[in-house]
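Here you go, one structure.
The values are calculated or read from the model by the stated rules, or taken from the named source; none is laboratory data. On a predicted model such as this, the values are computed, not experimentally measured, just so you know. Heads up, the Cβs are rebuilt from the backbone with ideal geometry, glycines too, and the neighbour counts pull from every protein chain shown.
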Amino acid sequence: MARYVLFATLLLSSAAVIAADEGLHDIDIDRTDLSDPALNADLDKPKTLLPHSDVEPSSMMLQPVGESLPIGVPSYLLVSLANLGPKMFNVTKINGIVSDVKSGKALANFTRRMYGDPLGPREQRSFRYPFVPNKKLSPGEYQMTFSVFYANRDKEGFSTEVYSGKQVLVAGPPEKSELPLTDIAMAIALVLGLAIAYTSLAPLLSGAPKSTAPVDTRSAADPSQWLPAASSPKKKKSPAAKRT
């Protein structure tokens, strides 16, 4: 009897194992190898930051020359941000790009400027963004786009476009030609050398100074030759000359 009970128990256990194994075959298990770099390519792509609904932007472009921007000369974009919500943000940076008007292709980037200024709840803050149009750009009309980047306390990033419009670039002022330092030093040395040469040769070129003393015509045999020459006596006017 005991053997019969043990045999029956083994049969029931085997049946349960077979049923469980058949049930596992019905489950769709994803065996995709996530170690494949091609499958993780999307994780490496930079995420597009979206604007936050509580941040309201406004901006104004300052043109140094009328309504145009000179190439190679600093221009300024004034940006104002208003935080309409109850949470604080931290403004991190502002940057911009220059694009072709027709194709929209990006042609040049403006240097980004880091800020790190807080934007508290119900607060408005202004920023000045300086930028210089690239000298490689030709004069003409371009599309310019500027964006501000900020984050909340949880370091969640956001980006808001603060300006997008067409601007005309004009040729900047001509650059001043500057001589190399070696050329300037050689020119100074040449001028100093000419000045020294002129100072040294000037007495020789002008000749020896002429003497105004009377020439001594006495012979060497004359004893008075060894005495100093007497100055010629002044002629006295005759009394007759005085009367007249």
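Which of the residues belonging to the stretch 84-115 are more than 26 Å from the chain's Cα centre (by Cα) and within 19 Å of P139 (Cβ to Cβ)?
Here is the first cut: in the stretch 84-115, the ones more than 26 Å from the chain's Cα centre (by Cα) are 84-89, 102-103.
Within the stretch 84-115, K102, S103 meet the criteria.
Also, quick follow-up: Going through the stretch 62-81 one residue at a time, which ones are within 20 Å of P51 (Cβ to Cβ), surrounded by 15 or more Cβ atoms within 10 Å (Cβ to Cβ) and not β-branched (V, I, T)?
Applying the first criterion (within 20 Å of P51 (Cβ to Cβ)) to the stretch 62-81 yields 77-81.
From the residues that got through so far, the ones that are surrounded by 15 or more Cβ atoms within 10 Å (Cβ to Cβ) too are 77-79, 81.
Those that are within 20 Å of P51 (Cβ to Cβ), surrounded by 15 or more Cβ atoms within 10 Å (Cβ to Cβ) and not β-branched (V, I, T): L77, L78, L81.
Can you work out which of the residues in the stretch 41-61 that are modelled with pLDDT of 95 or more and among the acidic types (D, E) is surrounded by the most Cβ atoms within 10 Å (Cβ to Cβ)?
Per the stated criteria, the residue is D54.
Only one of these is surrounded by 12 or more Cβ atoms within 10 Å (Cβ to Cβ) and under 19 Å from the mean Cα position of the chain (by Cα): P173, P121, P133. Name it. Reasoning before the result, please.
Values: P173 fails: surrounded by 12 or more Cβ atoms within 10 Å (Cβ to Cβ); P121 fails: under 19 Å from the mean Cα position of the chain (by Cα).
Matching residue, one of P173, P121, P133: P133.
In the stretch 99-128, which residues are part of a loop (DSSP other than H, G, I, E, B) and among the basic types (K, R)?
As a first pass, look at the stretch 99-128 and keep what is part of a loop (DSSP other than H, G, I, E, B): 100-105, 110-112, 120-123.
Within the stretch 99-128, K102, K105, R112, R122 meet the criteria.
Are any of the residues in the stretch 83-92 farther than 19 Å from S159 by Cα, among the basic types (K, R) and either in contact (Cβ under 8 Å) with a residue 12 or more places away in the chain or touching a Lys or Arg at 6+ places or on another chain (Cβ under 7 Å) (or both)? Talk me through it step by step, then tell me what you get.
Filtering the stretch 83-92 down to residues farther than 19 Å from S159 by Cα leaves none.
There is no residue in the stretch 83-92 that is farther than 19 Å from S159 by Cα, among the basic types (K, R) and either in contact (Cβ under 8 Å) with a residue 12 or more places away in the chain or touching a Lys or Arg at 6+ places or on another chain (Cβ under 7 Å) (or both).
Considering only the stretch 99-147, state which residues are touching a Pro at 6+ places or on another chain (Cβ under 6 Å) and over 17 Å from S75 (Cβ atoms). Give the derivation first.
Residues of the stretch 99-147 that are touching a Pro at 6+ places or on another chain (Cβ under 6 Å), as a first pass: 121, 130, 132.
Correct list: P121 only.
While we're here: Looking only at the stretch 139-154, filter to residues that are surrounded by fewer than 13 Cβ atoms within 10 Å (Cβ to Cβ) and touching a strand residue (DSSP E or B) at 6+ places or on another chain (Cβ under 9 Å); which one of those is farthest from P121 (Cα to Cα)?
Start the filter on the stretch 139-154 by keeping residues that are surrounded by fewer than 13 Cβ atoms within 10 Å (Cβ to Cβ), which leaves 140-141, 153-154.
Filter once more, keeping what is touching a strand residue (DSSP E or B) at 6+ places or on another chain (Cβ under 9 Å): 140-141, 153.
Values: G140: 42, E141: 39, R153: 12 Å.
So, considering only residues that are surrounded by fewer than 13 Cβ atoms within 10 Å (Cβ to Cβ) and touching a strand residue (DSSP E or B) at 6+ places or on another chain (Cβ under 9 Å), the one farthest from P121 (Cα to Cα) is G140.
Ok, one more. What is the one condition in (1) β-branched (V, I, T); (2) within 17 Å of S147 (Cβ to Cβ); (3) touching a residue at least 24 places away in the same chain (Cβ under 8 Å) that T111 does not satisfy?
All conditions are met except number (3).
Further question: Are any of the residues in the stretch 26-39 modelled with pLDDT under 95, surrounded by 11 or more Cβ atoms within 10 Å (Cβ to Cβ) and not aromatic (F, W, Y)?
We begin by selecting, within the stretch 26-39, every residue modelled with pLDDT under 95; these are 26-39.
Among the residues that remain, those that are also surrounded by 11 or more Cβ atoms within 10 Å (Cβ to Cβ) are: 39.
If we keep only those that are not aromatic (F, W, Y) as well, we get 39.
Yes: the stretch 26-39 contains one or more residues that are modelled with pLDDT under 95, surrounded by 11 or more Cβ atoms within 10 Å (Cβ to Cβ) and not aromatic (F, W, Y).
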